[in-house]
Structures are given as structure tokens and as C-alpha cells.
């Protein structure tokens, strides 16, 4: 293998790596690598309690749920009520004022 072939192989390798990096950059800029904003389940916060136990605050649709996670199980600790619609709140407020 002479020096000319070695330089050609090295330049080809640099070109291929550059094309891969450019494609990854374009995909990221174009939104192909972004996470979807329409996820129904999101982890809002988590707190480690020990070496193998964690509390996690999870949002499912519009509801917040507190769960405990250990290697053996996942336990529901608290489920918050789903938020009420403004019209529903307004009707409850009107009822409270009239009483």
C-alpha cells in the first residue's frame, strides 16, 4: 500500500464520518430526534429514599400520581384528583355564594 492510497482511504473515512455528523445535526435541527410533546405520561419529579427505593411524581394526562418504586414492586401512594374545568368551578362557586 503506497502513501497515495493511504491518504485516499483516510480522506474517505473523514468524509464518511463528516456525512454522518452532518446527517445527525440535520435530523436534530429538523425535529426528527426531539421527543414528542403529546406524551400522556410524564415523570414530574423523583426523590431517592435509599439505595433501592424511590418516590416518583408522575403525570398521567391531567392527573398527578405519587408512586413508590422498589426493586420488587411499584406502589400507588396518592392519586390527585383530576383538575376541574373552569365552568365546573364557576358553577360550584355560584352555588357556594348563593348559600
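The values are calculated or read from the model by the stated rules, or taken from the named source; none is laboratory data. Remember, it's a predicted structure, so these values are computed and weren't measured experimentally. We place every Cβ from the backbone using ideal geometry, glycine too, and count neighbours over all the protein chains shown.
Under the condition of being assigned to a strand (DSSP E or B) and either within 15 Å of the chain's Cα centre (by Cα) or at positive phi (or both), the residues counted in the range 1-48 number 6. Taking the conditions (1) under 14 Å from the mean Cα position of the chain (by Cα); (2) exposed (fewer than 10 other Cβ atoms within 10 Å of the Cβ) in turn, residue 51 satisfies each one other than (1). Among the residues of the range 72-99, just one is more than 18 Å from residue 43 (Cα to Cα), modelled with pLDDT of 75 or more and within 31 Å of the chain's Cα centre (by Cα), namely 72.
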